[in-house]
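Peer 1: Quick one: structure below, then a few questions.
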Amino acid sequence: MFESNDSLSVDMEKIYLGGKEHHIRTGRGFVSVIVYGDHDKPALVTYPDLALNHMSCFQGLFFCPEAASLLLHNFCIYHISPPGHELGAAAIFPDDSLPSVEDLADQIIEVLNFFGLGAVMCMGVTAGAYILTLFAMKYRERVLGLILVSPLCKAPSWTEWFYNKVMSNLLYFYGICGLMKECLLQRYFSKEVRGSAEVPESDIVQACRKLLDERQSINVLRFLQAINRRPDITDGLKSLRCRMLIFVGDSSPFHSEALHMTAKLDRRFSALVEVQACGSMVTEEQPHAMLIPMEYFFMGYGLYRPCLVSDSPRSPLSPSCISPELLSPESMGLKLKPIKTRISLEV
């Protein structure tokens, strides 16, 4: 662990499909951030789920042409990886102290300060959604909006705690073995894409399975242990004043958690989209289902897809852009009851 709270960039930068990787030292260890796009544009920070990074958690969304045009046209993307989850990461030294979820949230503020960012938009999946929600509670002035996919907010149930302990033992004794991969794939994807004896698993599952081979088991174990010790942050949800858009697949093991979280949020500032026949990782399994809700969500900030405007793409991202009538789910093109969809949403 490092005692200094000052972030600094290490001379280890790589290019990934036009993005540049920065290894930043924080007071809580190193963190990898891959940056895509124009630094002068508003910032969108992403945080993936357990054992994933931006390639395995957000690639489907950013490779979807319509979503990519919406996001890359309006934002500079900052993909933050949990410690040791970046591509090519080495095993973390076993004697390093185990980070808490608070430590992981505090790393984000150091990343923002390193890049000179003010208030940012955030997008997280499951464990990453929890970290970003906790970050938004601790640093409310630095978050403009939250896009959460199959989020967590409660402490682990006994079922989840036991399941996580099983995965912890698998990681400790056997590493990223076949059974561990199956546990993770069940966490991420629905039965429809995981396949069966009669139906082969889909390409996205096969790709994810291969990417899991690159993870260091000790690094995944450390993140899992932090998430398994997370506190309940339900009581703090009402303190959030940023707008929130929540997605969850109806086949996600965290479906009930997302419903619980939505029920505790201020309905004036939040909306829920349920996606049929989809697991937790909507960003990979059904990214098209996210497009229309995100479009309406971003309209509240004066942001549009390129085809909708003819002037400069560098729209201001400021709460002052939000008119009161755009703060309701109806104005975002969403019904008050959860929307169920497979591919697209009707407005």
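Peer 1: For segment 57-68, give me each residue that is open to solvent by 10 Å² or more (accessible area, probe 1.4 Å), more than 12 Å from G37 (Cβ to Cβ) and not acidic (D, E). Give the steps one after another, and end with the answer.
Peer 2: Our first condition is that a residue be open to solvent by 10 Å² or more (accessible area, probe 1.4 Å); within segment 57-68, this holds for 59-60, 62-63, 65-66, 68.
If we keep only those that are more than 12 Å from G37 (Cβ to Cβ) too, we end up with 59-60, 63, 65-66.
Matches in segment 57-68: Q59, G60, F63, P65.
Peer 1: Which of the helices (runs of 4 or more DSSP H) found entirely inside segment 138-236 contain at least 2 residues meeting this: under 26 Å from F30 (Cβ atoms) and either modelled with pLDDT of 95 or more or hydroxyl-bearing (S, T, Y) (or both)?
Peer 2: Details: elements: 158-174, 178-188, 191-194, 203-212, 217-228.
The helices (runs of 4 or more DSSP H) meeting that bar are 158-174, 178-188, 203-212, 217-228.
Peer 1: Going through segment 251-276 one residue at a time, which ones are within 21 Å of Y163 (Cα to Cα) and either among the aromatic types (F, W, Y) or at pLDDT below 95 (or both)?
Peer 2: Within segment 251-276, just F254 meets the criteria.
Peer 1: Look through L61, L72 and report the one residue that is part of a helix (DSSP H, G or I), at pLDDT below 95 and of a type outside the set (S, T, Y).
Peer 2: L72
Peer 1: Report, ordered by the first and then the second residue, all pairs with beta carbons closer than 9 Å, sequence separation of six or more or different chains, a first member in segment 284-306 that is closer than 18 Å to V273 by Cβ, and a second member that is aromatic (F, W, Y) and open to solvent by 20 Å² or more (accessible area, probe 1.4 Å).
Peer 2: Matching pairs, first to second residue: P287/F62; P287/F63; E295/Y304; F298/Y304.
Peer 1: Another one. Keeping to segment 93-108, report how many residues are of a type outside the set (S, T, N, Q) and either closer than 18 Å to V143 by Cα or part of a helix (DSSP H, G or I) (or both). Walk me through how you get there before you give the answer.
Peer 2: So in segment 93-108, the residues of a type outside the set (S, T, N, Q) come out as 93-96, 98-99, 101-106, 108.
Within this subset, residues satisfying the condition of being either closer than 18 Å to V143 by Cα or part of a helix (DSSP H, G or I) (or both) are 101-106, 108.
Within segment 93-108, residues that are of a type outside the set (S, T, N, Q) and either closer than 18 Å to V143 by Cα or part of a helix (DSSP H, G or I) (or both) number 7.
Peer 1: Which of the residues that make up segment 158-210 are among the basic types (K, R) and open to solvent by less than 50 Å² (accessible area, probe 1.4 Å)?
Peer 2: K181, R187
Peer 1: Can you spot a residue in segment 204-213 that is under 21 Å from G124 (Cα atoms) and among the β-branched types (V, I, T)? First the steps, then the outcome.
Peer 2: Taking segment 204-213 first, the residues under 21 Å from G124 (Cα atoms) are 204-205, 207-209, 211-212.
Filter once more, so that each one left must be among the β-branched types (V, I, T): 204-205.
Yes, there is a match, as at least one residue in segment 204-213 is under 21 Å from G124 (Cα atoms) and among the β-branched types (V, I, T).
Peer 1: Just wondering, is there one or more residues in segment 85-97 that are among the hydroxyl-bearing types (S, T, Y), in contact with a strand residue (DSSP E or B) (Cβ under 6 Å, 6 or more places away or on another chain) and either in contact (Cβ under 8 Å) with a residue 40 or more places away in the chain or open to solvent by less than 20 Å² (accessible area, probe 1.4 Å) (or both)?
Peer 2: So far as segment 85-97 goes, no, none of its residues is among the hydroxyl-bearing types (S, T, Y), in contact with a strand residue (DSSP E or B) (Cβ under 6 Å, 6 or more places away or on another chain) and either in contact (Cβ under 8 Å) with a residue 40 or more places away in the chain or open to solvent by less than 20 Å² (accessible area, probe 1.4 Å) (or both).
Peer 1: From the list L72, L52, which residue is aliphatic (A, V, I, L, M) and surrounded by fewer than 20 Cβ atoms within 10 Å (Cβ to Cβ)?
Peer 2: On the way: L52 fails: surrounded by fewer than 20 Cβ atoms within 10 Å (Cβ to Cβ).
Unique residue meeting the criteria: L72.
Peer 1: A further question on this structure: Quick one: in segment 228-248, of everything that is out of contact with any Asp or Glu (no Cβ under 7 Å at 6 or more places or on another chain) and closer than 20 Å to V282 by Cα, which residue is surrounded by the most Cβ atoms within 10 Å (Cβ to Cβ)?
Peer 2: Quick first cut of segment 228-248, residues out of contact with any Asp or Glu (no Cβ under 7 Å at 6 or more places or on another chain) only: 228-237, 239-247.
Then keep just the ones that are closer than 20 Å to V282 by Cα; that gives 243-247.
Working: R243: 24, M244: 24, L245: 25, I246: 23, F247: 29.
Of everything passing the filter in segment 228-248, F247 is surrounded by the most Cβ atoms within 10 Å (Cβ to Cβ).
Listed here are the residues, each with its yes/no results for (1) of a type in the set (K, R); (2) open to solvent by less than 20 Å² (accessible area, probe 1.4 Å); (3) at pLDDT 90 or above.
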| site | (1), (2), (3) |
| --- | --- |
| V10 | no, no, no |
| Y16 | no, no, no |
| V35 | no, yes, yes |
| D40 | no, no, yes |
| T46 | no, yes, yes |
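Peer 1: On the given criteria, is T133 at positive phi and open to solvent by less than 10 Å² (accessible area, probe 1.4 Å)?
Peer 2: Details: at positive phi: no; open to solvent by less than 10 Å² (accessible area, probe 1.4 Å): yes.
Spelling it out, it is not the case that T133 is at positive phi and open to solvent by less than 10 Å² (accessible area, probe 1.4 Å).
Peer 1: Here's a follow-up. I'm checking my understanding of the structure. Among residues of segment 249-258 that are touching a residue at least 40 places away in the same chain (Cβ under 8 Å) and outside any strand (DSSP E or B), which one is surrounded by the fewest Cβ atoms within 10 Å (Cβ to Cβ)? Lay out the reasoning, then the answer.
Peer 2: Step one: list which residues in segment 249-258 are touching a residue at least 40 places away in the same chain (Cβ under 8 Å), which gives 249-255, 257-258.
Next cut, outside any strand (DSSP E or B) only: 250-255, 257-258.
On the way: D250: 15, S251: 19, S252: 26, P253: 17, F254: 24, H255: 17, E257: 23, A258: 28.
Only one residue tops the list, namely D250.
Peer 1: Pull up segment 256-281, narrow it to residues that are within 24 Å of A155 (Cβ to Cβ) and among the aliphatic types (A, V, I, L, M), then point me to the one that is farthest from the chain's Cα centre (by Cα).
Peer 2: A263
Peer 1: Condition first: in a loop (DSSP other than H, G, I, E, B), farther than 28 Å from R209 by Cβ, open to solvent by 20 Å² or more (accessible area, probe 1.4 Å) and at pLDDT below 95. Can you find one or more residues in segment 278-301 that meet it? Break it down stepwise before answering.
Peer 2: Pass one, segment 278-301, residues in a loop (DSSP other than H, G, I, E, B): 278-281, 286, 300-301.
From what's left, farther than 28 Å from R209 by Cβ: 300-301.
Narrowing further to those that are open to solvent by 20 Å² or more (accessible area, probe 1.4 Å): none.
Looking for residues that are in a loop (DSSP other than H, G, I, E, B), farther than 28 Å from R209 by Cβ, open to solvent by 20 Å² or more (accessible area, probe 1.4 Å) and at pLDDT below 95, one finds none in segment 278-301, hence no.
The values are calculated or read from the model by the stated rules, or taken from the named source; none is laboratory data. As the structure is a computational prediction, the values presented were derived from the model and not from experiment. With ideal geometry, Cβ positions are generated from the backbone for all residues, glycine too; neighbour counts draw on all protein chains shown. The accessibility values were calculated without ligands, DNA or RNA, using every heavy atom of the protein model including side chains. Shrake-Rupley method; radii C 1.70, N 1.55, O 1.52, S 1.80 Å.
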